[in-house]
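Written below as structure tokens is the structure these notes are about.
The values are calculated or read from the model by the stated rules, or taken from the named source; none is laboratory data. Bear in mind the structure is a predicted one, so any value in this text is a computation, not a measurement. Don't worry about glycine lacking a Cβ; one is built from the backbone with ideal geometry, like all the others, and counts go over all protein chains shown. The protein model used for the area step is the full one, side chains on, heavy atoms only, and it has no ligands, DNA or RNA in it. Shrake-Rupley method; radii C 1.70, N 1.55, O 1.52, S 1.80 Å.
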Amino acid sequence: MPADEGRTRYVTVAEVAAQLRVSNMTVYRLVQSGALPALRVGRSYRIREDDVDRYLAQQYTRAG
């Protein structure tokens with residue numbers, strides 16, 4: 001069993017922006033609007049990979 005199996009992985013705003021191919025500011029707006037849940041760590045945010053996947057799935061169903 002891999003060491004990280006069952007553990008939540010957190011990504012940075014920059015990583016989410018790269019994955020979604022949008023600017024960092026767009027990700028910050030999603031966080032501020034509540035569309036994308038995030039944790040505040042110091043002065044930066046961390047976002048659960050599961051929440052990013054959930055957000056994308058919701059957007060996909062809205063577009064269809």
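For the range 1-20: of the residues being among the small types (G, A, S) and under 16 Å from Y55 (Cα atoms), which is least open to solvent (accessible area, probe 1.4 Å)?
Restricting to residues being among the small types (G, A, S) and under 16 Å from Y55 (Cα atoms), the top hit is A17.
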Answer from Y45, Y10 - the residue that is in contact with a Ser or Thr (Cβ under 8 Å, 6 or more places away or on another chain) and at pLDDT 95 or above: Y45
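Conditions tested, residue by residue: (1) farther than 19 Å from L56 by Cβ; (2) small (G, A, S).
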residue	(1), (2)
G6	yes, yes
R9	no, no
T12	no, no
R29	no, no
Q32	no, no
A38	no, yes
G42	yes, yes
Flag if S23 is open to solvent by less than 80 Å² (accessible area, probe 1.4 Å) and at pLDDT 95 or above: yes
Scan the range 1-25 and report the pairs whose first residue is under 16 Å from A35 (Cα atoms) and among the small types (G, A, S) and whose second residue is in a loop (DSSP other than H, G, I, E, B) and at pLDDT 95 or above, with Cβ atoms within less than 9 Å and a gap of 6+ or a chain change. A17/S23
